[in-house]
Amino acid sequence: MADQEFLPLDFNSVQTVPESHLWPDSDELSSVIDLDEKISLPSIDLLNDGASELLGRACEQWGMFQLTNHGISKTLIAEMEEEARRLFTLPVKEKMKTLRSADRVTGYGTAVISKYHPKCMWHEGFTILGSPADDAKKLWPSDSKRFCDVMEEYQSEMKRLSDRLIKLIFKFLDISEEETMKLLSSMDDSDKSYTALQLNSYPPCPDPDQVMGLAAHTDTSLFTIVHQACNDGLQIFKDKAGWVPLSPMRGSFVVNVGDLLHIMSNGRFQSILHRVTIQGKKVHRFSLAYFYYPPPYLYISPHSKPLSESPQTPLYRCVSVKEYFTMKAKNNGEGLSTIKI
């Protein structure tokens, strides 16, 4: 399907689900298991002295964890929720002023993964890289400063938190401090923003059982930090268990491993398959996703174990971040298989 076909739906004007958004019976809408004491996503206190070990084990066993005591203020998170709601409740003709075009990645639009599926998703998004000033002025010509200030502060805090997490994760993987600092400095060596902030909206739906909020996919990032605004919907695929629902835990973030960290860990960390389902006819779900990427020119390769341990055969070839993005897009959203040795 061509990019221009993926125009966001005017969700406020529809009384029934249009054919374009009706998902047929398939594995995408299969039944979900009930959580019990045997299946519980790890919750990790960032202030714990053993946080590095706990993070690493969670990435190995789940590819995802909930993070508490992360240092991001409740006030800032509440302001982010408020600004996201203010944006997505604008009339569709206003939001369309910032519609993403084929040659830009910021602004309003449908999910990037839409092009890999024959049906559209019950979702609208707004993507920010660095300052959102240009798009915000189109939405609020005389009142854009508040939105920009909150978005930029949140991105700054997320970057700080992400840098802290990657140090702990690399420590678990025995990646040297020199290599760690090389990565961090590469992400700070220019005014360009390599990370991305995605605001997600899943509007109320007249027939939630027949639609998909966000189809199953893996993230390309090193990892992604997600805030769920107090509504269910996020699910992960757990081997031998099926789709597992993840209810938001107040005050925590959900952090999931992306493809690039999967490659760097030589498959020890799983890039987790996840999706979003629509939960009710009157529920408007919001989430905030911060994608932590290295620069496009950086090369990613499996990390070798220390010399004192048995050498580990690399499962993936070395690849630049930009090349990996391109290969994943050409392979309908599946990237890891394209570089497997």
Can you give the Rg to Rh ratio for the chain, taking only C-alpha atoms and Rh from Kirkwood? 0.95
In Å², rounded to a whole number, the accessible area per residue of region 79-227 with probe 1.4 Å is 43 Å²
Choice from Gln210, Gln235, Gln312 showing the highest fluctuation, given a GNM over the chain with Cα pairs closer than 10 Å: Gln312
Quickly estimate the mean residue ellipticity at 222 nm for the chain, helices only: each DSSP H run with n ≥ 4 gives -39500 (n - 2.57), and the total goes over all residues, rounded to 500. -8000 deg cm²/dmol
Of the candidates Tyr108, Ser176, Leu55, the farthest towards the positive dipole end of the chain (Lys/Arg Cβ +1, Asp/Glu Cβ -1, centred on the Cα centre) is Tyr108
Using alpha-carbon coordinates, inclination of helix 321-330 to the longest axis of the chain, degrees: 50 degrees
Distance histogram for region 203-291 (every C-alpha pair counted, 5 angstrom bins, percent rounded to whole numbers): 3, 14, 22, 23, 20, 11, 5, 2, 1
Rounded to a whole number, what % of the accessible area of the chain do carbon and sulfur atoms account for, probe 1.4 Å? 51 percent
Could you grab the relative contact order for region 91-158? Cα pairs under 8 Å, six or more apart, rounded to a whole percent. 26 percent
Contact order normalised by residue count of the chain, Cα under 8 Å, 6+ apart, percent: 21 percent
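The values are calculated or read from the model by the stated rules, or taken from the named source; none is laboratory data. Note that the coordinates shown come from a computational prediction; the quantities given were computed from them, not determined experimentally. Neighbour counts run over all protein chains shown; Cβ positions are idealised from the backbone, glycine included. Just so you know, the surface numbers come from the protein's heavy atoms only, side chains and all, with ligands and any DNA or RNA stripped out. Shrake-Rupley method; radii C 1.70, N 1.55, O 1.52, S 1.80 Å.
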